[in-house]
1. Take the conditions modelled with pLDDT of 95 or more, part of a helix (DSSP H, G or I) and farther than 30 Å from residue 315 by Cα and apply them to residue 136. Does it pass?
2. Looking at 328, 291, can you tell me which residue is closer than 16 Å to residue 264 by Cα, crowded, with 19+ Cβ neighbours inside 10 Å and without any contact (Cβ under 8 Å) to a residue 60 or more places away in the chain?
3. From the set of residues in segment 297-318 that are touching a helix residue (DSSP H, G or I) at 6+ places or on another chain (Cβ under 8 Å) and surrounded by fewer than 21 Cβ atoms within 10 Å (Cβ to Cβ), which is nearest to residue 128 (Cα to Cα)?
4. Among the residues of segment 169-190, which ones are within 20 Å of residue 79 (Cβ to Cβ) and either outside the structural domain of residue 139 (by TED's automatic domain parsing) or not in a loop (DSSP other than H, G, I, E, B) (or both)?
5. What are the residues in segment 319-332 that are more than 16 Å from residue 302 (Cα to Cα) and touching a helix residue (DSSP H, G or I) at 6+ places or on another chain (Cβ under 6 Å), if any?
6. Does residue 10 satisfy the criteria of being surrounded by 12 or more Cβ atoms within 10 Å (Cβ to Cβ), touching a residue at least 40 places away in the same chain (Cβ under 8 Å) and closer than 20 Å to residue 201 by Cβ?
7. Looking only at segment 137-188, count how many residues are surrounded by fewer than 18 Cβ atoms within 10 Å (Cβ to Cβ) and closer than 15 Å to residue 101 by Cα.
8. Only one of 210, 237 is closer than 30 Å to residue 343 by Cβ and in the same structural domain as residue 77 (by TED's automatic domain parsing); which?
């Protein structure tokens, strides 16, 4: 099957003349410039000027870290903004459809509802893996996009690579792979397959492995053609100066991030083993992320007990295939110890 991006983009978006901000109209260079173009307050306080709307310096750092070209990147105010831009660029309200595989990240459904896009659900199997036959059977002429989260939230596992590639080969629409937790996984990022699959879009974040949830920086990695379309509709100054500076600093300090990733993976392994010993824990699911999905005897009861002991976890029981399941983020060694001690005390 052939992929034609122009058939997917909404016609008015294809014809759209994007807003050109003051800082879009020339390339910033390293020399002293008198800025009289953007009606800013001229008195320097570090943030009196508008940020670079294309985040050039930050994109250069991300591009080197991820092994892609800077023109393959679009940055968002969190991954949710990136996902919303994909909906707005490619999905026609009250006409097009998307496919998701529950249990999965809840914002796909929320964004579909916000953008008036029908949502078809194809549940994962009992091992939280894709059911390729069912997904392919669900595809219709109105299906524009398939959303996958791998490693998956809330189950924690990565999807089998061959299954993902089958979807990319078989579907003429867009396949969005949400790799928010990829830095904790043994599976390689699909970034390295972008050149082979023009319908592939990858989203990542600095909220998890880099510990920067508070700055809200999401990353979209795709072909230059897809990025050009998304750039048409992104807000002109969607990434503020402080976020750009903090992200650059963290990305350059890879040793610290790598050390934390290594420690979290080790803690995840230890936490897995300890959770299996808790009397009311019925199953601990394997994880490629920085959390563990745990089936217990009574999730509502155990969740309430943990709250009473000042421990906050997520109750995922209402999600498909997650009956009586709690999701535990991997904390510091001390936090994990407190969790296990509390669970053991509740067992007695």
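1. Working: modelled with pLDDT of 95 or more: yes; part of a helix (DSSP H, G or I): yes; farther than 30 Å from residue 315 by Cα: yes.
So residue 136 passes the test.
2. Working: 291 fails: without any contact (Cβ under 8 Å) to a residue 60 or more places away in the chain.
Only one candidate passes the filter, namely 328.
3. That would be 317.
4. If the condition is that a residue be within 20 Å of residue 79 (Cβ to Cβ) and either outside the structural domain of residue 139 (by TED's automatic domain parsing) or not in a loop (DSSP other than H, G, I, E, B) (or both), then 174, 175, 176, 177, 178, 182, 183, 184, 190 are the ones that fit.
5. The first filter runs over segment 319-332 and keeps only residues more than 16 Å from residue 302 (Cα to Cα), leaving 319-321, 330-332.
Residue satisfying the conditions is 330 alone.
6. Values: surrounded by 12 or more Cβ atoms within 10 Å (Cβ to Cβ): yes; touching a residue at least 40 places away in the same chain (Cβ under 8 Å): yes; closer than 20 Å to residue 201 by Cβ: yes.
Spelling it out, residue 10 is indeed surrounded by 12 or more Cβ atoms within 10 Å (Cβ to Cβ), touching a residue at least 40 places away in the same chain (Cβ under 8 Å) and closer than 20 Å to residue 201 by Cβ.
7. Step one: list which residues in segment 137-188 are surrounded by fewer than 18 Cβ atoms within 10 Å (Cβ to Cβ), which gives 137-138, 140-142, 160-163, 165-166, 169-170, 172, 186-188.
Restricting the remaining residues to those that are closer than 15 Å to residue 101 by Cα gives 137-138, 160, 163.
The qualifying residues number 4.
8. Values: 237 fails: closer than 30 Å to residue 343 by Cβ.
It is 210.
The values are calculated or read from the model by the stated rules, or taken from the named source; none is laboratory data. Note that this is a predicted model, so its numbers are computed, not measured. In this analysis, Cβ positions are derived from the backbone assuming ideal geometry, glycine residues included, and neighbour counts consider all displayed protein chains.
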